[in-house]
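The values are calculated or read from the model by the stated rules, or taken from the named source; none is laboratory data. Note that the structure is a prediction, hence the values are computed from the model and not measured. A quick note on method: Cβ atoms are made from the backbone with ideal geometry, for glycine too, and the neighbour counts reach across all protein chains shown. Calculation scope for accessible area: heavy atoms of the full protein, side chains included, ligands and nucleic acids excluded. Shrake-Rupley method; radii C 1.70, N 1.55, O 1.52, S 1.80 Å.
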Amino acid sequence: MSRSGDQSANVEPNVEAKPNQEGAEVAAPAGARGQTGSTDSDAPVQLAVFDFDGTSIDGNSPVLLVAHLMKLGLLRKRVVSRILLWAAAYKLRLPQNEARVRGLVFTAFEGWPAKKVDAFLADFYDHSIAPIFRPQADAAMRAHAEAGDVVLVVSATFEPIILRAMEHHPFAHQVSTRMCVAPDGTYERRVEGLPVEGEEKLAAVQRFGDEHFGPGKWELAAAYGDHHSDRVVLGAAKQAFAVTPDRPLTRTARACGWSILDW
């Protein structure tokens with residue numbers, strides 16, 4: 001996977017850590033050139049990319065969604081068993097089909113109009129995800145936006161969940177996992193393209209930057225992630241932030257000199 005621009009995983013972080021109201025560290029942009037509010041029209045647009053699950057929120061929205069669907073009796077027992085097997089393989093870092101498990105989750109919505117599913121997921125966000133959105137993430141997004149950076153959330157979770165979050169938090173762009181819509185207006189069990197996971201996150205960022213600003217006219221200024229699968233996108237950023245990282249990402253962050261934030 002190629003990187004955009006002349007970016008190195010070993011660039012020293014150039015940020016100021018500010019205490020927020022709870023006393024935890026919030027990363028503040030260090031005035032990178034080429035911000036969207038800059039007077040230099042030739043300077044590249046600066047992107048600040050945030051992961052969602054485990055980074056922007058204190059939890060995992062697909063896991064919480066499966067638990068919610070199970071509680072409502074919307075998932076068949078056989079489907080639940082297959083999802084749990086996938087989850088066990090994921091924890092063991094074994095190869096698995098990312099698209100297939102998302103299709104299994106969407107069996108809960110078979111026959112539902114897409115608009116009804118979107119409304120269901122928006123309501124799920126309001127009741128289960130909004131309370132665990134990290135104030136530090138909100139503050140970091142706001143700081144980047146006020147500095148003129150383009151704030152982009154890139155996530156493997158389902159698009160309607162991210163769209164709902166976008167209504168309440170300071171980011172105007174997102175790339176997330178979108179399910180196919182059938183001709184009859186219902187959701188299929190197929191992912192449109194690829195789930196936005198691992199290396200696909202960086203590919204999604206590159207497509208977004210090129211399509212919105214043009215090749216060579218943007219830079220990945222900052223990236224935030226919590227999981228070892230975020231290493232690719234973090235490594236492509238000028239400033240990388242490991243947010244309450246898992247053990248493999250902690251090791252990588254220390255080796256590369258990335259900032260580690262305790263959110």
* Qualifying positions in segment 248-263 - in contact (Cβ under 8 Å) with a residue 60 or more places away in the chain and touching a Lys or Arg at 6+ places or on another chain (Cβ under 7 Å) -> W263
* Where a residue in segment 167-180 is free of Cβ contacts under 8 Å to residues at least 12 places away in the same chain and its partner, wherever it lies, is surrounded by 14 or more Cβ atoms within 10 Å (Cβ to Cβ), with Cβ under 7 Å and at least six apart -> none
* **Residues located in segment 79-125, provided they are surrounded by 18 or more Cβ atoms within 10 Å (Cβ to Cβ), in contact with a Ser or Thr (Cβ under 9 Å, 6 or more places away or on another chain) and at pLDDT 90 or above** => F109, A114, V117, F124, Y125
* **Those residues of segment 127-144 which are open to solvent by less than 30 Å² (accessible area, probe 1.4 Å), farther than 29 Å from A43 by Cα and part of a helix (DSSP H, G or I), in sequence order** => I129
* Asked: Taking segment 162-187 as the region of interest, how many residues are touching a Leu at 6+ places or on another chain (Cβ under 9 Å) and open to solvent by less than 40 Å² (accessible area, probe 1.4 Å)?
  -> 5
* Structure fact -> Of the candidates P215, P245, P183, the one satisfying the condition of being assigned to a loop (DSSP other than H, G, I, E, B), within 19 Å of A137 (Cα to Cα), free of Cβ contacts under 8 Å to residues at least 40 places away in the same chain and out of contact with any Gly (no Cβ under 7 Å at 6 or more places or on another chain) is P245
* **Meets criteria (more than 19 Å from D53 (Cβ to Cβ) and not hydroxyl-bearing (S, T, Y)) for G216** => yes
* Is there any pair linking a residue in segment 129-154 that is on the phi > 0 side of the Ramachandran plot to one that is open to solvent by less than 30 Å² (accessible area, probe 1.4 Å), with Cβ under 8 Å and at least six apart or on different chains, and which? -> G148/Q46
* Asked: Has segment 222-236 got any residue that is aliphatic (A, V, I, L, M), touching a helix residue (DSSP H, G or I) at 6+ places or on another chain (Cβ under 9 Å) and assigned to a loop (DSSP other than H, G, I, E, B)?
  -> yes
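Picking from P215, P160, which residue would you name as being of a type outside the set (V, I, T) and under 30 Å from V117 (Cβ atoms)?
P160
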* Looking at segment 188-198, is at least one residue of a type in the set (V, I, T), at pLDDT below 95, buried (at least 19 other Cβ atoms within 10 Å of the Cβ) and not in a strand (DSSP E or B)? -> yes
* Single match in D51, D58 (criterion: open to solvent by less than 20 Å² (accessible area, probe 1.4 Å), closer than 30 Å to A236 by Cβ, in contact with a helix residue (DSSP H, G or I) (Cβ under 9 Å, 6 or more places away or on another chain) and of a type in the set (D, E, K, R)) -> D51
* To do: Inspect all residues belonging to segment 145-160 and state whether any of them is in a helix (DSSP H, G or I) and farther than 20 Å from R102 by Cβ.
  => yes
